[in-house]
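The values are calculated or read from the model by the stated rules, or taken from the named source; none is laboratory data. Keep in mind that what you see is a predicted model, and the values were worked out from it rather than measured. Here the Cβ positions follow ideal geometry from the backbone for every residue, glycine too, while neighbour counts run over all protein chains shown. The accessibility values were calculated without ligands, DNA or RNA, using every heavy atom of the protein model including side chains. Shrake-Rupley method; radii C 1.70, N 1.55, O 1.52, S 1.80 Å.
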Amino acid sequence: MTAPLVITVAPNGARRTKADHPALPIEPREIGLEAARCREAGAAMIHLHVRDAENRHTLDLDRYRAALAAVRREAGPEMICQVTTEAVGLYSPAEQMAAMRALKPEAFSVALRELFAEPEDEAAAAAFLAEQARAGVLVQHILYDAGDVTRFQGLAARGLIPLERASALFVLGRYAVGQRSDPADLLPFLAAWTSEHRLDLPWALCAFGPREAACLVAAATLGGHARVGFENNLWRPDGRPATSNAAQVADLAGLARALGIEVATGAQARALFSGEA
């Protein structure tokens, strides 16, 4: 049986602003209210970015705490809150790890290329991930191409990446003018993922550009999960501008259900990512 589809909403990202879309949530209250709408539409998890006073990406603890509190207040306790450690050229691996140690979130995402940027980073990164696994944190590893997939598997085989409560996110495309990810772009990731070093971990997909929904439906039919939202795409499946993150979630949930795929609740998502499902 196919596991229920976990839909994560990524409502803002590190780079877009209200100039890109007026409904893009920036302030904690906006994020909290949109999280509630997205939960109602079918999202089990929210992927959080926060901004500083100049609207720049930040890992500031107080701003994270304010956003997390707003999500809990507006969306309730069931929705998983996943924070990002994304560097955006501003933070070193040491600073990223220090932020998560201080924040102690339920879940966070981390790019393999950032945490394991250089060979000399391996010992500190491995110790950090082992400590997070012991603490029960849900860690999602962001992988940008098939080479990242192979490297991730190799680091796991060497014991440097613990597999308890771990998952992977495959990223199709980048921030670029005219970016159009395609479902076929997923195939190299899956070829590497299902190689002789295959890991029995949940994986999800996000895709930049107006074919986001087609890419995510392809992932869902192949046993993966989906991240949708304004961080990666501002367009509806029919080519019209999206009205909100919640509408993007609702569109994806509707497509999944039309294919007979169950949409996961927050409790089901926690069980899956914790290895209890």
Inset, instruction - Taking the residues in the stretch 112-133 that are open to solvent by 40 Å² or more (accessible area, probe 1.4 Å) and touching a Pro at 6+ places or on another chain (Cβ under 8 Å) as candidates, determine which candidate is modelled with the lowest pLDDT. - result: ALA117
Inset, instruction - Can you tell me which residue within the stretch 54-86, out of those that are open to solvent by 10 Å² or more (accessible area, probe 1.4 Å) and small (Gly, Ala, Ser), is farthest from PHE116 (Cα to Cα)? - result: GLY76
Inset, instruction - Quick one: THR84 ticks every box in (1) under 21 Å from LEU143 (Cβ atoms); (2) more than 18 Å from the chain's Cα centre (by Cα) except a single one, so which number is it? - result: (2)
Inset, instruction - Given the conditions (1) surrounded by fewer than 17 Cβ atoms within 10 Å (Cβ to Cβ); (2) touching a helix residue (DSSP H, G or I) at 6+ places or on another chain (Cβ under 8 Å), report the number of the one that ALA168 does not fulfil. - result: (1)
Legend entry - Some residue of the stretch 16-28 being surrounded by fewer than 23 Cβ atoms within 10 Å (Cβ to Cβ), under 22 Å from PHE128 (Cβ atoms) and aliphatic (A, V, I, L, M): no
Inset, instruction - All but one of (1) more than 16 Å from the chain's Cα centre (by Cα); (2) open to solvent by 70 Å² or more (accessible area, probe 1.4 Å) hold for GLY136, so report the exception by its number. - result: (2)
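Condition check: polar (S, T, N, Q) and either under 30 Å from GLY260 (Cβ atoms) or assigned to a helix (DSSP H, G or I) (or both). Does THR17 satisfy that? If you could, list the steps in order and put the result at the bottom.
Numbers: polar (S, T, N, Q): yes; either under 30 Å from GLY260 (Cβ atoms) or assigned to a helix (DSSP H, G or I) (or both): no.
No; evaluated as a whole, the condition is false for this residue.
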Legend entry - Subset of the stretch 56-97 (residues that are modelled with pLDDT under 95 and in contact with a Lys or Arg (Cβ under 9 Å, 6 or more places away or on another chain)): VAL88, LEU90
Legend entry - Conditions (1) touching a His at 6+ places or on another chain (Cβ under 6 Å); (2) part of a helix (DSSP H, G or I); number of the one not met by THR8: (2)
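Table: residues versus (1) open to solvent by 40 Å² or more (accessible area, probe 1.4 Å); (2) closer than 25 Å to CYS215 by Cβ.
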| residue | (1), (2) |
| --- | --- |
| THR2 | yes, yes |
| GLY13 | no, yes |
| LEU33 | yes, no |
| GLU40 | yes, yes |
| ALA43 | no, yes |
| ILE46 | no, yes |
| ASP52 | no, no |
Legend entry - Hey, LEU186 open to solvent by less than 20 Å² (accessible area, probe 1.4 Å) and within 17 Å of THR84 (Cα to Cα) or not: no
Inset, instruction - Considering each residue of the stretch 101-115, count those that are touching a residue at least 40 places away in the same chain (Cβ under 8 Å) and within 16 Å of PHE152 (Cβ to Cβ), and give that number. - result: 2
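Tally the residues that are acidic (Asp, Glu) and buried (at least 17 other Cβ atoms within 10 Å of the Cβ), restricting the search to the stretch 142-164.
Let us first name the residues in the stretch 142-164 that are acidic (Asp, Glu), namely 145, 148, 164.
Applying the additional criterion that residues be buried (at least 17 other Cβ atoms within 10 Å of the Cβ) yields 148.
Count: 1.
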